[in-house]
Amino acid sequence: MTKDEIRAAFLEELSRVAPDIDPATVGDDDHIQDDLELDSMDVLNLVAALHERLGVNIPERSYPEIATPALAVVYLDAALKSAAM
Amino acid sequence: MPSLGADMEAGTLVEWLIKPGDTVSRGDVVAVVETQKGAIEIEIFEEGKVHELSAEIGAKLPVGAALAVILKDGEAPPAPAKPAPPAPAEAEAVPEAAEEALTPPVAAPAPVAPAPVAPAPGPNAISPAARIRAHELGIDVSTLRGTGPGGVIVLADVDGSAQKPKAAPPKPASPMEEMRKAIAAAMTRSKQTIPHFYLSETIDVQPAIDFLETLNDGKPPAERVLLGAIFVKAAARAASKVKTMNGHFTDGAFAPSEVVNAGVAVALRGGGLVAPALMDAMSLDLAQTMAGMRDLVGRARAGRLRASEMTEGTITISSLGETGAEAMTGVIFPPQVALVGLGAPHVRPWVVDGAVVPRNVVTLTLSADHRVSDGRQAARFITEFETLMTMPEAL
């Protein structure tokens, strides 16, 4: 999976969890809680959706590492690569 | 059209989920109605066969208007509705309880949906359709001149007025503005009619946080439990013990509720708030409570809450989540009589077993209705909640 594909998947799941967010308006450095106003239940739903879609099980302590699209792409890319090895 | 809140006057039918000939039973979701608080799924409280859908998609209907005719087993269909002579054809806007429309013609020969008797022509006599249109367009009917029989204001008079440039109607309010109006009405009524009083306590939630860390460790995300679910479960247990916090105050009297329907406040992005109820929260274990809350939040975001969830809450829990302010003093949702406000957890120096240690603490503020309870009951509620926080595994 390329980084662009990971980013697209992240934004798609984000907009599924929060249908009122237009993924086209989300910036790479937008914080999902501070800027996009996801609450803790939304974050859990996003993590669950990413687990289902990408097979990456993000533990609670790693939630800060997916706090923005830019951070999430780095984290998910590394997780997918280490799973493939 | 059911009332989905004390301040609701009308709703717009946006979707039918049944059709004539369908069999329905109590609790089935049959329609979607757009209200000031978003789209709400309407459940039915009858059993039988759908005879007729009386209301059309897009119709804005007052509370109490007939939406459909349901026939019980063996019941004869009512006589077809006759158009009432004086009123225009907006028969769907007629306030009439659905049950009345269900009565077989033998027992009640009245037509299904009689239009209201047209008011005697006078200076402000107006047809029902014209009144609805004027309301929608924000036109003051006293400024209109009627051209109908006897000077009655008819639809054409309203439309004619709306087309005049200087009487341009205000732009229809956005959904967000509508929600702000609904919140303003409910909260103003609450503050004007409910004599609130408040008790606060800062509670050590470290045992609950440690318990969840162990519980969630290694679990897939779909099975993880949040602190908010522990709060809702503990508040429901406390409410079941302190009856004066759980129920409705209506018509000048308090009716305690046997079940605890825990209203969960959900903040909507861009502003606004809904507090759908987790029905019979006492019957749910912690995992079911969490699943129920995830479902409620998801449907609140997608605009798919049910009418019963919007009206049958018996106490509300409003939690600020995992970051943010440390305390919140909330406004009770009428007709409920208590609201549990929970701040975000903060690490504070705390005395445990005679030593000062860093602990996660949460400040609970209980807003209660002084018509129903006093400080003693409120303090008891808080003590129950605090005790449960020391033994989260028992929840």
_Selection count where residues are assigned to a loop (DSSP other than H, G, I, E, B) and more than 30 Å from B:Pro195 (Cα to Cα), scope the range B:284-314_ = 4
*If only one of A:Leu14, A:Leu46 is away from chain B (no Cβ under 11 Å) and in contact with a helix residue (DSSP H, G or I) (Cβ under 7 Å, 6 or more places away or on another chain), which one is it?*
A:Leu14
_Filter result for B:Ala300 (within 14 Å of chain A (Cβ to nearest Cβ) and touching a strand residue (DSSP E or B) at 6+ places or on another chain (Cβ under 9 Å))_ = yes
*asked:* When you check B:Ile203 against the structure, is it away from chain A (no Cβ under 14 Å), surrounded by 15 or more Cβ atoms within 10 Å (Cβ to Cβ) and either of a type in the set (A, V, I, L, M) or in contact with a helix residue (DSSP H, G or I) (Cβ under 7 Å, 6 or more places away or on another chain) (or both), yes or no?
replied: yes
*Test result for B:Arg359, under 30 Å from B:Ala222 (Cα atoms), touching a helix residue (DSSP H, G or I) at 6+ places or on another chain (Cβ under 7 Å) and among the charged types (D, E, K, R)*: yes
*asked:* I'd like the full set of residues that are under 11 Å from the mean Cα position of the chain (by Cα) and either at positive phi or at the interface with chain B (Cβ under 8 Å from one of its Cβ atoms) (or both), limited to the range A:51-64.
replied: A:His51, A:Ile58
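Applying the selection to the range B:209-236, what residues are out of contact with any strand residue (DSSP E or B) (no Cβ under 7 Å at 6 or more places or on another chain), part of a helix (DSSP H, G or I), surrounded by 14 or more Cβ atoms within 10 Å (Cβ to Cβ) and within 14 Å of another protein chain (Cβ to nearest Cβ)?
At the first step, the residues of the range B:209-236 found to be out of contact with any strand residue (DSSP E or B) (no Cβ under 7 Å at 6 or more places or on another chain) are B:210-227, B:229-230, B:233-234.
Add one more test, that the residue is part of a helix (DSSP H, G or I), and what stays is B:210-216, B:221-223, B:227, B:229-230, B:233-234.
Among the residues that remain, those that are also surrounded by 14 or more Cβ atoms within 10 Å (Cβ to Cβ) are: B:211-212, B:215-216, B:221-222, B:227, B:229-230, B:233-234.
Answer for the range B:209-236, where residues must be out of contact with any strand residue (DSSP E or B) (no Cβ under 7 Å at 6 or more places or on another chain), part of a helix (DSSP H, G or I), surrounded by 14 or more Cβ atoms within 10 Å (Cβ to Cβ) and within 14 Å of another protein chain (Cβ to nearest Cβ): B:Phe211, B:Leu212, B:Leu215, B:Asn216, B:Pro221, B:Ala222, B:Leu227, B:Ala229, B:Ile230.
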*Take the residues of the range A:17-43 that are more than 11 Å from chain B (Cβ to nearest Cβ), assigned to a loop (DSSP other than H, G, I, E, B) and of a type in the set (A, V, I, L, M, F, W, C): which is surrounded by the fewest Cβ atoms within 10 Å (Cβ to Cβ)?*
A:Val26
*Might you check whether a residue that is over 21 Å from A:Val43 (Cβ atoms) and of a type in the set (Gly, Ala, Ser) occurs anywhere in the range B:288-309?*
yes
*Considering the range B:311-326 alone, what residues qualify as being in contact (Cβ under 8 Å) with a residue 40 or more places away in the chain and within 28 Å of A:Val47 (Cα to Cα)?*
B:Thr316, B:Ile317, B:Ser318, B:Ser319, B:Gly321, B:Glu322
*Go through the range B:295-314 residue by residue and tally those that are surrounded by fewer than 19 Cβ atoms within 10 Å (Cβ to Cβ) and touching a helix residue (DSSP H, G or I) at 6+ places or on another chain (Cβ under 9 Å).*
3
*Regarding A:Leu76, is this residue in a helix (DSSP H, G or I), of a type in the set (A, V, I, L, M), more than 8 Å from chain B (Cβ to nearest Cβ) and in contact (Cβ under 8 Å) with a residue 24 or more places away in the chain?*
yes
*asked:* Return the pair list, or none, for Cβ contacts closer than 7 Å from residues in the range B:124-135 that are closer than 14 Å to B:Ala156 by Cβ and in contact (Cβ under 8 Å) with a residue 60 or more places away in the chain to residues that are aromatic (Phe, Trp, Tyr) and surrounded by fewer than 23 Cβ atoms within 10 Å (Cβ to Cβ), at least 6 apart or on different chains.
replied: none
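Just so you know, all these numbers are worked out from the coordinates, no wet-lab data involved. Here the structure is a predicted model, which means the values were calculated and not measured. A quick note on method: Cβ atoms are made from the backbone with ideal geometry, for glycine too, and the neighbour counts reach across all protein chains shown.
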